[in-house]
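The values are calculated or read from the model by the stated rules, or taken from the named source; none is laboratory data. Just so it is clear, the model here is predicted, and its values are computed rather than measured. Cβ atoms come from the backbone with ideal geometry, glycine included; neighbour counts cover every protein chain shown.
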Amino acid sequence: MASNIIRINPASKEIVMGFAKSYRVSLPTMLDRVIEDYRRRRLLEQANTAYEVLKKDPKQWEAYQREMQLWDQALSDGLRKKKKP
């Protein structure tokens with residue numbers, strides 16, 4: 001893995017080092033996890049914001065609900081469930 005120098009404030013470094021120690025992983029591994037967690041949280045926040053905007057437009061929200069009903073019907077596609085052995 002290539003390495004780079006990234007400057008962070010000492011308090012943040014201590015926090016991440018504490019996380020790494022408690023999870024028994026290296027500092028780079030912990031940084032990767034923290035960054036991925038932040039990326040995912042931002043994605044969900046953006047999705048929630050988009051749903052809030054969608055709900056404010058009754059016509060668009062109704063169209064979305066109709067489309068979801070169509071997708072829900074796809075779940076009952078006629079395939080039989082496998083029996084457990």
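Pairs meeting the criteria (first residue in the stretch 41-61 and on the phi < 0 side of the Ramachandran plot and surrounded by 10 or more Cβ atoms within 10 Å (Cβ to Cβ), second residue of a type in the set (S, T, N, Q) and modelled with pLDDT of 95 or more, beta carbons under 8 Å, at least 6 apart or on different chains) are 54/60. Take the residues of the stretch 71-85 that are in a helix (DSSP H, G or I) and among the hydrophobic types (A, V, I, L, M, F, W, C): which is modelled with the lowest pLDDT? Checking each candidate, the answer is 74. Here residue 25 clears all of (1) exposed (fewer than 12 other Cβ atoms within 10 Å of the Cβ); (2) not acidic (Asp, Glu); (3) not in a helix (DSSP H, G or I) except the condition numbered (1).
Counting the residues of the stretch 40-70 that are part of a helix (DSSP H, G or I) and over 22 Å from the mean Cα position of the chain (by Cα) gives 11.
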